[in-house]
């Protein structure tokens, strides 16, 4: 039953991620040069956004209950040194058997399952929210002082200046605690999460070449 609860939690997160990606697609496919089409498109987008927000809120309530029921699935951790070195190497070998994807790619409607960041291998990442959470965990362990100062910095803001990382979770549509009394916005599509990760890596002086992603589609195709 615990396994099923975890699967349902991840399914809700994936559906919401896909709805947000579809929202991006709707906006891009509106004919912005046709006043009538633009007006109809904006009205439809507003209605869609309202329903997506309602779904996200309801889904998060269910996710919170499922996480309490399962005591939350443990965070994927890099293997510890010493006797656990073999486990770390096996994780790297498992990921290296599959196609590598760069952070600059389009991840619309695609599913992750793993990531390598600065030589550390992370598996069991089945949603983009899970990837995002693991990036925060990695950065907080790498430079705790800089991590605590994220609130208000350029990397914590969207392109439009909206807060993505803040100590005031009431400023966010859907928040996720990330440590150091900070919260991150997670009502984001895969590509918005991608863009936020880019800003975070830049803030921590980590080249994009230091992160690679692995997709479920590639693994399942084997």
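Side notes on the structure shown:
- Per-peptide average of other Cβ atoms within 10 Å, ordering 126-135, 163-172 highest first: 126-135, 163-172
- Measuring nothing but how far apart in sequence close Cα pairs (under 8 Å, 6+ apart) lie, relative to its length, the chain scores a relative contact order of 25 percent.
- Hydrodynamic radius (Kirkwood) for segment 82-220, which is based on Cα pairs only, to one decimal in Å: 15.5 Å
- Inter-site label distance for residue 157 and residue 69 at 7 Å from Cα along Cβ, in nm: 4.2 nm
- Value of relative contact order over segment 173-222, rounded to a whole percent, pairs C-alpha under 8 Å and six or more apart: 19 percent
- Residues 157, 117 arranged by fewest to most Cβ contacts within 10 Å: 157, 117
- 147, 69 arranged by Cβ crowding within 10 Å, fewest neighbours leading: 69, 147
- Anisotropy class of segment 2-70 from Cα gyration tensor, a/c 1.5 cut: prolate
- Residue order, fewest to most beta carbons within 10 Å, for 100, 186: 100, 186
Laboratory data are not the source of any read-out in this text; all were calculated from the coordinates shown. Predicted, not measured: the structure shown is a model, and the values here were computed from it. In this analysis, Cβ positions are derived from the backbone assuming ideal geometry, glycine residues included, and neighbour counts consider all displayed protein chains.
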